[in-house]
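Student: Before anything else, here's the structure in question.
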Amino acid sequence: MEQNVEKNSSSVKGGQIEQLSKVFEPIIEKHGLVLESLDTQRRGAATLLDVVVDLPEEEIGSADLDTVTDVSRELSALLDADASLIGEGPSTLEVTTPGVFRPLTELRHFKRARTRLLDVEDTSGRTFLGRLEEVEGDELVFDVQKPPHVPRKNAKTPRAEKVPPGPHRMPVSDVARAEIHLEFR
């Protein structure tokens, strides 16, 4: 499975990041997850290795905490067994999911967010709150909600133009900003 994995080589050489990705991906995929990003940082004499995993793009929901814990244990055991993967010295491994507040920036992020309510701003500055109904090719299909009335603190500030409620289609390339809107039921 080809993933566009975000890599940062701030403390580990780029080649080592590539090597870590190749070694980590089979373990992560064995648990039904994908490697979202891999980042390293120096913290004094120690190396912090931050691994972000997620469900594949065709799945809706969130990664199970027990599964993430299992991945963390296996990656930790691998690093303990082969210190050459990140070099000598103390290290900390953190395995997490992207979380609900990550910006949706890639087509696969939107595929994972199907059925969710999103706060969206398009490239022309229009904003809306809409449920992502479907992703068709590179086009997003929303059911735009009527926004709740929120009193403005400064009435002199112009409101951003809103997309009217109802069905709305737009290409992913027209999204300037999108985030999952938390729903409390």
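Student: Could you tell me whether residue 112 is closer than 25 Å to residue 138 by Cβ and touching a Pro at 6+ places or on another chain (Cβ under 9 Å)?
Tutor: yes
Student: Check region 87-105 and report whether any residue there is at pLDDT below 90 and acidic (Asp, Glu).
Tutor: So far as region 87-105 goes, yes, one or more of its residues are at pLDDT below 90 and acidic (Asp, Glu).
Student: Moving on. Hey, can you tell me all the residues within region 95-129 that are among the small types (Gly, Ala, Ser) and surrounded by 17 or more Cβ atoms within 10 Å (Cβ to Cβ)?
Tutor: From region 95-129, those among the small types (Gly, Ala, Ser) are 99, 113, 124-125; that's our starting set.
Correct list: 113 only.
Student: Return the residues of region 36-78 that are within 21 Å of residue 91 (Cα to Cα), aliphatic (A, V, I, L, M) and either in contact with a Ser or Thr (Cβ under 9 Å, 6 or more places away or on another chain) or not in a helix (DSSP H, G or I) (or both); say none if nothing qualifies.
Tutor: 38, 45, 46, 48, 49, 51, 52, 53, 68
Student: Does region 48-64 contain any residue that is buried (at least 17 other Cβ atoms within 10 Å of the Cβ), more than 30 Å from residue 117 (Cα to Cα), within 19 Å of the chain's Cα centre (by Cα) and aliphatic (A, V, I, L, M)?
Tutor: yes
Student: Give the number of residues within region 124-146 that are among the acidic types (Asp, Glu) and within 12 Å of residue 166 (Cβ to Cβ).
Tutor: So the answer is 2.
The values are calculated or read from the model by the stated rules, or taken from the named source; none is laboratory data. Everything numeric in this text was worked out from a predicted model, so none of it was measured. Glycine also receives a Cβ, built like all others from the backbone with ideal geometry; neighbour counts cover every protein chain displayed.
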